[in-house]
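Note sheet for the following structure.
Every number in this text was worked out from the coordinates using simple rules, so none of it is lab data. Everything numeric here is computed off the predicted structure, so don't read it as measured data. For neighbour counting, all protein chains shown are included, and Cβ atoms are generated from backbone atoms with ideal geometry for every residue, glycine included.
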């Protein structure tokens, strides 16, 4: 993942409703959820949900598929994993990372 892609992805998640949508879809797993189910679960107006889903789609975090008259949305786990890989690419300069490693790096008492 390139830096600009990571920034776009993080920007898409930097909004409470979009983060909640993405987390809900991650929890739903590869089968995803119907748009109506997302709307009902998060109690978002349809137009607002649609706008948020479009931002998440453009960022590559959410994909959808049509199932008859319904649209099912699901998290793009490959893109999510690429972001996590980007964020941890140089973690601990290749050494095994633990919570104690992070505490030590930040000067926090162990």
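So here's what we get for this one:
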{"quantity": "Pairwise label distance in nanometres, residue 87 with residue 8, each label 7 Å out on the Cα-Cβ vector", "calculated": "1.9"}
{"quantity": "Neighbour-count order for 71, 38, fewest beta carbons within 10 angstrom listed first", "calculated": "71, 38"}
